[in-house]
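Quick notes on the structure that follows.
The values are calculated or read from the model by the stated rules, or taken from the named source; none is laboratory data. Quantities reported herein were computed from a predicted structural model and do not represent experimental measurements. Glycine gets a Cβ as well: all are built from the backbone with ideal geometry, and neighbour counts include every protein chain shown. Surface accessibility is based on the protein's heavy atoms, side chains included, excluding ligands, DNA and RNA. Shrake-Rupley method; radii C 1.70, N 1.55, O 1.52, S 1.80 Å.
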Number of protein chains: 2
Amino acid sequence: MSNIRHALTVKRADDFAAWYQEVISAADMAEESGVRGCMVIKPWGYGIWERVQYLLDQRIKDTGHDNCYFPIFIPLSNFEREAEHVDGFAKEMAVVTHHRLITNGKGRLVPDPEAKLEEPLVVRPTSETIIGDAMARWVQSWRDLPLKLNQWANVVRWEMRTRMFLRTSEFLWQEGHTAHDGELEAKEHTLRMLEVYRACAEEDLAMPVIAGEKPENERFPGAVETWSIEAMMQDGKALQAGTSHYLGTNFSEAAGIKFQNQDGDQELCHTTSWGVSTRMIGGVIMTHGDDDGLRVPPTIAPWQVVILPMLRGKDEAADAAIVDYCDSLKDSLKGTVACGEKVRVMVDKSHGKAAAKRWDWVRKGAPVVVEVGSRDMDNGVVSLLRRDALWAESGKPDFHAPSKHDAAEQIPAMLEEIQTNLFAEAQERRDANITRDITTMDQLADFYNDNTQYPGWVEVQWSKPTGAALEQVVEQLKGLKLTIRNVPMDAAPIDQPCIFTGDTAVERIYVARAY
Amino acid sequence: MSNIRHALTVKRADDFAAWYQEVISAADMAEESGVRGCMVIKPWGYGIWERVQYLLDQRIKDTGHDNCYFPIFIPLSNFEREAEHVDGFAKEMAVVTHHRLITNGKGRLVPDPEAKLEEPLVVRPTSETIIGDAMARWVQSWRDLPLKLNQWANVVRWEMRTRMFLRTSEFLWQEGHTAHDGELEAKEHTLRMLEVYRACAEEDLAMPVIAGEKPENERFPGAVETWSIEAMMQDGKALQAGTSHYLGTNFSEAAGIKFQNQDGDQELCHTTSWGVSTRMIGGVIMTHGDDDGLRVPPTIAPWQVVILPMLRGKDEAADAAIVDYCDSLKDSLKGTVACGEKVRVMVDKSHGKAAAKRWDWVRKGAPVVVEVGSRDMDNGVVSLLRRDALWAESGKPDFHAPSKHDAAEQIPAMLEEIQTNLFAEAQERRDANITRDITTMDQLADFYNDNTQYPGWVEVQWSKPTGAALEQVVEQLKGLKLTIRNVPMDAAPIDQPCIFTGDTAVERIYVARAY
């Protein structure tokens, strides 16, 4: 079985963007739908999303939030109330104007002019304004606070340039919304949820992130503070993988979310919102994928172990014995635990040649693939491939051949090792690609001009300019196709001046190209 | 604690429709959103839906389906391809015509005339046409069949008269879509999924249903056969709680879903689709609710056991001891299993008086409520209320006082008993309200004119007229506000003529008023 046979047609080093698209298609995760900017999420891609949902949902419930569901349609007037918010979203929303179709003279379907809505409805791009209405009804007294809600939903932002998982007109996400009795608690909660996202990204997705505050110009429309987790992709670009916003009293004021405090006075609530989306899946691909396809971290793999019976299709009894052998390994594994949950194992009995199926599962990134042929069975062993260590030095697939009994014993620990390895590998690469010795704009320009391929991030120091001064910095960076990613939580400045203004630096920040 | 104190203001017998609305509000399940025809599903209502989702999702996966996700927007041209299908839906769809808003001269937001879509998009009312497109891409050969897909999604049908959970413009559902290599397998699958729905309704929701085929006039637009499960509500009306459709080759032809058979010839696939929605929750309310509020069957209760510490708020140490006592009961219960899963138990430590909280949980329908006051603690007991047997003959709440140890041992079995009791109670009521001795239209008219309140269903025999003859029957029934619910699976005719035509009867059918 040669190396060429299965490899993708595009390598990461040759064309990262084309490689990304090929992985999505080779791993059968998603495809274009034919509807502008919308994708179809196929079973393997959706299965990974279901795992992320399940794990993150636990984390969100463990921090005291209840799930609920709010309407997909938002009246225009809701957007008019919060001027900054609408400015941020008005340019990219799907607008429903009619509620009926009729067939016109040419036999084509058209919106019925008789069924025009009095007030057009927007397909939610995010739900602060409609959930704010509900909070205003639900909160009366300090006893009702904190109010901690979450919803899993689809949202629509009319994107001009789309890329599967990373930027689609419709996407799936969770959006959390909370109301608190004061600034302190609301700010603490904003950071608590950022920490939940960090833990989910690093522990579940094995994707190292840097948590920090976004600069003023990158805030969510209407937010007082926006925090993010930023992950480095293998091309050195940053991916904003989740955000958490402290909204102050902006949305409370617009929607009238008030409570009677313990002294009997009316106060505005302080609110937060935070979300992560199917974009995370794009992050997984660009963090863990290799030139053979995707590698799914075991914790979020729909199937962690795929067992392939190598059937000949000639001798039915012999084939049945192999299937039984596979099923018995599955049964042993089903009782075992890895990464805190029962091992997810399947025997792939689908049509098709076993060797072709092996490479399908390699491209999909199943963490462990186990093959069983008649010779394996006769020897009481299995042929085992680890997706994170696929190739032997010989250039051949690095099969191991434990006994069936040993395989059932070893695989759970192996899955945990793969989870740890994928994280360590990504973290090592990330850390090796952060440059810290740049102190002037000239150096910064040289750095990005000299390193056209995969230059990584640069950590610099700044004086935290605001308003027009910040705009100027943003423009300067734009010339290099760079953005400020965030101000990491624990990064006090060393004794260097601000790279942009020459003033005394007060913070360290990350600068990078980004998705 | 008097009976009056907690009862709803409306009793089922006095005004069933008003009672229904009051339960939804008193159990804090959902509310009107302010957006036409759309509701907000609140945590308790959504928690029940999450349980239904979880259980039904297992059943759908166990029958070999993969979850995936398709776009919410469907181009008009998709609807033009299947004429019957569009006739059924075109009257009630939300149409997106613009992708941007601008502020007009009066400072109001309006759709931007520059951002009009070339082809308007429909917000999916159901996804046969868009999933058909994908199936046409994915199916090439008999080896790709059967293709078994499912999605959990929101859909929109512009309903004129809405009622929470039962009929809302936006609702949540799952829709399954499968493609097969022939009529036989597709028809078998249609019935397999109907059986999955029956099992979910009866075993999980404790809601007895009658599974059968809908008459021709009630078929899903574009279907060859439509099957349903029908449940009887406490007012005697029928609720169609789930449907499964055999679509023949209608949608395959429209979308071009073809496969190469084993002889190398091209054939059209036979497809099916099937769905259940948040409407199920309305069925749970009207099946199990009583004059004290909702009663949630343990299998779908977000919390099966709610423990209420009766705190005095005077002596902190005494209160802390009560909370510890409650927590230790919770810990004992968390290790136990009922209805096949770990018992879901919570200690309600929220603000508010314990007695008021008790009635909140009664109205929400938590299966078991356990109260612990200082006297209970001193005696080593707990005060336990079963929601399905709330009142003693004395007219007082029927508290039991097992020891804490015994409570932890008894509650799992008690939960299973409640599940069984709720089903048995509903089934007994349903069976008692099916009338079978009506053989003429005059008798039928008299029956429904004489029994204006809660008349139940009538089982009659018919000759299965079609076309214009069926239309006539439908019109006759409409005069009595009746519809044909379905033809139950196992109901061969007895020796009586057709109630509508006098011809020889070939089937027995259910006739009823319906939601």
Subset of the stretch B:417-426 that is surrounded by 16 or more Cβ atoms within 10 Å (Cβ to Cβ) and of a type outside the set (Val, Ile, Thr) - its residue that is nearest to B:Thr287 (Cα to Cα):
B:Ala426
Would you mind telling me which numbered condition in (1) touching a strand residue (DSSP E or B) at 6+ places or on another chain (Cβ under 8 Å); (2) modelled with pLDDT of 95 or more; (3) open to solvent by less than 20 Å² (accessible area, probe 1.4 Å) B:Ala408 fails?
(1)
Can you find, within the stretch B:315-332, the residue that is farthest from B:Asp348 (Cα to Cα) among those that are within 41 Å of the chain's Cα centre (by Cα) and either free of Cβ contacts under 8 Å to residues at least 12 places away in the same chain or outside any helix (DSSP H, G or I) (or both)?
B:Asp331
If you go through the stretch B:188-242, how many residues are among the charged types (D, E, K, R), open to solvent by less than 30 Å² (accessible area, probe 1.4 Å) and in contact with a strand residue (DSSP E or B) (Cβ under 7 Å, 6 or more places away or on another chain)?
2
Going through B:Gln410, B:Gln443 one at a time, which residue ends up being without any contact (Cβ under 8 Å) to a residue 12 or more places away in the chain and assigned by TED's automatic domain parsing to the domain that holds B:Val382?
B:Gln410
Select from the stretch A:456-483 the residues that are of a type outside the set (S, T, N, Q) and open to solvent by 20 Å² or more (accessible area, probe 1.4 Å) and list them in ascending order.
A:Lys464, A:Gly467, A:Ala468, A:Ala469, A:Glu471, A:Val474, A:Glu475, A:Lys478, A:Gly479, A:Leu480, A:Lys481
Picked from the stretch A:172-182 (must be buried (at least 19 other Cβ atoms within 10 Å of the Cβ) and more than 10 Å from chain B (Cβ to nearest Cβ)), the residue nearest to A:Asp28 (Cα to Cα) is A:Gln174
Any residue in the stretch B:356-369 that is assigned to a strand (DSSP E or B) and touching a residue at least 12 places away in the same chain (Cβ under 8 Å)?
yes
Out of the residues in the stretch A:70-85 meeting the condition of being open to solvent by 10 Å² or more (accessible area, probe 1.4 Å) and facing chain B (nearest Cβ under 7 Å), tell me which one is nearest to B:Gly88 (Cα to Cα).
A:Pro75
Does any residue in the stretch A:139-165 that is in the same structural domain as A:Val86 (by TED's automatic domain parsing) and under 14 Å from A:Phe70 (Cβ atoms) come within less than 8 Å, Cβ to Cβ, of a residue that is part of a loop (DSSP other than H, G, I, E, B) and aromatic (Phe, Trp, Tyr) six or more places away or on a different chain, and which pairs are these?
A:Gln151/A:Phe70; A:Ala153/A:Phe70
Residue check, A:Glu267 modelled with pLDDT of 95 or more and either assigned to a helix (DSSP H, G or I) or surrounded by 20 or more Cβ atoms within 10 Å (Cβ to Cβ) (or both):
no
The stretch B:266-284 residues that are closer than 18 Å to B:Leu184 by Cβ and assigned by TED's automatic domain parsing to the domain that holds B:Met193, paired with ones that are of a type in the set (A, V, I, L, M, F, W, C) and not in a strand (DSSP E or B) (beta carbon under 6 Å, 6 or more apart)
B:Cys269/B:Ile257; B:His270/B:Ala186; B:Thr271/B:Leu247; B:Thr271/B:Phe251; B:Thr272/B:Ala186; B:Trp274/B:Met193
So is B:Val345 open to solvent by less than 50 Å² (accessible area, probe 1.4 Å) and more than 23 Å from the chain's Cα centre (by Cα) or not?
yes
Tell me yes or no: at least one residue of the stretch B:236-251 is over 23 Å from B:Met164 (Cα atoms), assigned to a helix (DSSP H, G or I) and in contact with a helix residue (DSSP H, G or I) (Cβ under 9 Å, 6 or more places away or on another chain).
yes
Residue list for the stretch A:43-58, restricted to those being under 30 Å from A:Ala254 (Cα atoms) and either facing another protein chain (nearest Cβ under 7 Å) or among the basic types (Lys, Arg) (or both):
none
I need the full set of residues from the stretch A:348-377 which are open to solvent by 20 Å² or more (accessible area, probe 1.4 Å) and away from chain B (no Cβ under 14 Å), in order please.
A:Ala355, A:Trp361, A:Arg363, A:Ser374, A:Arg375, A:Asp376, A:Met377
Would the stretch A:45-58 turn up any residue that is open to solvent by 10 Å² or more (accessible area, probe 1.4 Å), under 21 Å from A:Trp303 (Cβ atoms) and in a loop (DSSP other than H, G, I, E, B)?
no
Output for the stretch A:32-42, where each listed residue is more than 7 Å from every other protein chain (Cβ to nearest Cβ) and either aromatic (Phe, Trp, Tyr) or touching a Ser or Thr at 6+ places or on another chain (Cβ under 7 Å) (or both):
A:Arg36, A:Gly37, A:Met39
Taking the stretch B:297-314 and keeping residues in a loop (DSSP other than H, G, I, E, B), farther than 25 Å from B:Leu55 by Cα and open to solvent by less than 50 Å² (accessible area, probe 1.4 Å) leaves B:Met310
Only one residue in B:Lys91, B:Lys116, B:Lys106 is more than 10 Å from chain A (Cβ to nearest Cβ) and either among the charged types (D, E, K, R) or touching a strand residue (DSSP E or B) at 6+ places or on another chain (Cβ under 6 Å) (or both), so which one is that?
B:Lys106
Quick one: B:Met164 ticks every box in (1) buried (at least 20 other Cβ atoms within 10 Å of the Cβ); (2) at the interface with chain A (Cβ under 10 Å from one of its Cβ atoms) except a single one, so which number is it?
(2)
Give me the residue from the stretch A:129-152 that is β-branched (Val, Ile, Thr) and at the interface with another protein chain (Cβ under 10 Å from one of its Cβ atoms) and, out of that set, surrounded by the most Cβ atoms within 10 Å (Cβ to Cβ).
A:Ile131
